[in-house]
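Enquirer: Submitted below is the structure of interest, expressed as structure tokens.
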Amino acid sequence: MKNLDYFILKEFPFVDKNETLYHAFKIMEKYGIDKLVVYEHRTIEGRERRVLAGVLTSRDIVLKLATERTRRTTPSRLHVSSFMSLNPITINPSDSLEYAIKTMYKNNIGILPVVEEYDVVGIILREKLLELLRGDDTEVRYIMNTEPVIARTYDRMLKIRQDMLHRNISFMPVLDEKDEIVGYITIAELAYAIFRFQDIVPEKYRKERIMHLIVEDIMRFRPPKLRITDTVATALSYILEKNSRGAVVVDEIGGLAGVVTVHDLLKYLAEKYLS
């Protein structure tokens, strides 16, 4: 097995906690990632240092944006410090790869800042760890979720927001009124949709108009599709290629048999390498 250093990204996106949420989104778009390290400046031992303040993810944004407290303003007037997760779980460069896998799985997180003394020397992303599953020929039928939470094209966006937050999920297949799979939605699409809504719609119309946003307005089409006999390696490849959080698994007639998400893959990885 490769050592931990192989999975540490030494160059990574970051943002100052005093920057605007709008600025943070622009960084996410630039890097094609929805997880940022958040810094702040502190005086330590008589020296000003840039230290870890938190992390900012799509889930943080979905949780707090477009609520009663933030609805009246725009992302260009909101600050990262109001949205970031404080006291994030971190890892030391000297820790083991097994510890990193266990920590990510047990806490259901997608980013681990790597901290040495006061400095963030890198990050570990869940998708990077999942590269350990390349070449795995286990069939997805053994790891898939056969009772996934689904979205309908006509569901209100606010319902999907509630489902994702309360059930702690980040991928949902979208079915139409005929139970056909027509798309999917992830926590990243949801965060972007809420961000764009709050950035564009005038404040006096937001409360009413957000009620009319439906899944069909924000979903992605052509979800990664797997058969139950496809392998874990194939699932990983499809998910990474689509920059998704999961893939749908279809039965012999093309109906929904289940889903495989990045958390399912991480759980399988943890069971495989930590057993």
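Laboratory data are not the source of any read-out in this text; all were calculated from the coordinates shown. As the structure is a prediction and not an experimental result, all values here were calculated from the model. All Cβ positions, glycine included, derive from the backbone under ideal geometry; neighbour counts span all protein chains shown.
Enquirer: Taking amide H atoms as placed 1.01 Å from N in the peptide plane, list the residues 5 or more away in sequence, or in a different chain, whose amide H sits under 5 Å from that of Val55.
Expert: Those qualifying (amide H under 5 Å, at least 5 residues apart or on another chain) are Val38, Ser85.
Enquirer: Where in the chain are the DSSP H helices whose alpha-carbon span along the long axis reaches 18 Å or more and whose Kyte-Doolittle mean is at least -1.0? Numbers along the way, then the final one.
Expert: Details: long enough: 187-200 (20 Å, 0.86).
Length and hydropathy pass: 187-200.
Enquirer: Which of the aspartates and glutamates could a cross-linker span from Lys225 if the Cα-Cα distance has to be under 15 Å and same-chain partners fewer than 8 positions apart are dropped?
Expert: Candidates past the 8-residue exclusion: Glu139, Glu180, Glu241, Asp251, Glu252.
Enquirer: Tell me the label-point distance for the pair Lys225, Arg77, using the 7 Å Cα-to-Cβ offset, in nm and rounded to one decimal.
Expert: It is 4.7 nm.
Enquirer: What shape does the chain take by its C-alpha gyration tensor, where a ≥ b ≥ c are the square roots of the eigenvalues and a/c under 1.5 counts as rounded, a/b above b/c as prolate, and the rest as oblate? Provide the component values of the computation, followed by the final result.
Expert: On the way: a/c = 2.54, a/b = 1.09, b/c = 2.34.
Verdict is oblate for the chain.
Enquirer: Can you compute the modelled spin-label distance between Ile27 and Asn3, with each label point 7 Å from Cα toward Cβ, in nm?
Expert: 3.0 nm
Enquirer: Once you order the gyration tensor axes a ≥ b ≥ c over the Cα atoms, which shape class does the range 22-160 get: rounded for a/c under 1.5, otherwise prolate or oblate by comparing a/b with b/c?
Expert: Details: a/c = 2.49, a/b = 1.10, b/c = 2.27.
It is oblate, given that a/c is not under 1.5 and a/b is not larger than b/c.
Enquirer: If a/c stays under 1.5 just call it rounded; otherwise compare a/b with b/c (prolate if a/b is bigger, oblate if not). Do that for the range 48-91, with a ≥ b ≥ c from the square roots of the Cα gyration tensor eigenvalues.
Expert: Details: a/c = 3.43, a/b = 1.76, b/c = 1.95.
Oblate.
Enquirer: Any chance you could run the full-extension gain for Asn243 through Val149? It's 0.36 nm times the residue separation minus the Cα-Cα distance, nm to one decimal. Kindly include the intermediate steps, with their values, before the conclusion.
Expert: Numbers: separation 94, 0.36 × 94 = 33.84 nm, distance 1.99 nm.
Extra length available between Asn243 and Val149 comes to 31.8 nm.
Enquirer: Shifting gears a bit: Quote the FRET efficiency, to the nearest 0.05, computed for Ile253 versus Glu131 with a Förster distance R0 of 41 Å and r equal to the Cβ-Cβ distance. Each step should come with its number before you reach the end.
Expert: Working: r = 33 Å, r/R0 = 0.81.
Taking R0 as 41 Å, the efficiency between Ile253 and Glu131 is 0.80.
Enquirer: Need one number: nm distance between label points at Lys267 and Ala233, each 7 Å from Cα along Cα→Cβ, rounded to one decimal.
Expert: Here the modelled spin labels are 2.4 nm apart.
Enquirer: Near Lys26, which lysines are there with a Cα under 17 Å away, not counting those fewer than 8 places off in the same chain?
Expert: Candidates past the 8-residue exclusion: Lys17, Lys35.
Enquirer: Only helical DSSP H runs with n ≥ 4 go in: add -39500 (n - 2.57) per run for the chain, normalise by residue count and round the 222 nm mean residue ellipticity to 500 deg cm²/dmol. Could you put the intermediate results ahead of the total?
Expert: Numbers: 10 runs with 93 residues, N = 275.
After summing the helix terms and dividing by the residues of the chain, the value is -9500 deg cm²/dmol.
Enquirer: Taking amide H positions as placed in the peptide plane 1.01 Å from N, state which residues far from Gly183 in sequence (5 or more) or on other chains have amide H under 5 Å from it.
Expert: Val174
Enquirer: Glu177 label point, 7 Å along Cα→Cβ, cut-off 18 Å on backbone N: hits in the range 150-164?
Expert: 151-157
Enquirer: Gaussian network model of the chain, Cα springs within a sub-10 Å range: biggest mean-square fluctuation belongs to which of Gly258, Gly32, Gly54?
Expert: In the Gaussian network model the winner is Gly32.
Enquirer: Relative contact order of the chain: what whole-number percent is it, with Cα pairs under 8 angstrom and at least 6 residues apart? Mind dumping the intermediate values first?
Expert: Numbers: 474 pairs, mean separation 53.5, N = 275.
Relative contact order here is 19 percent.
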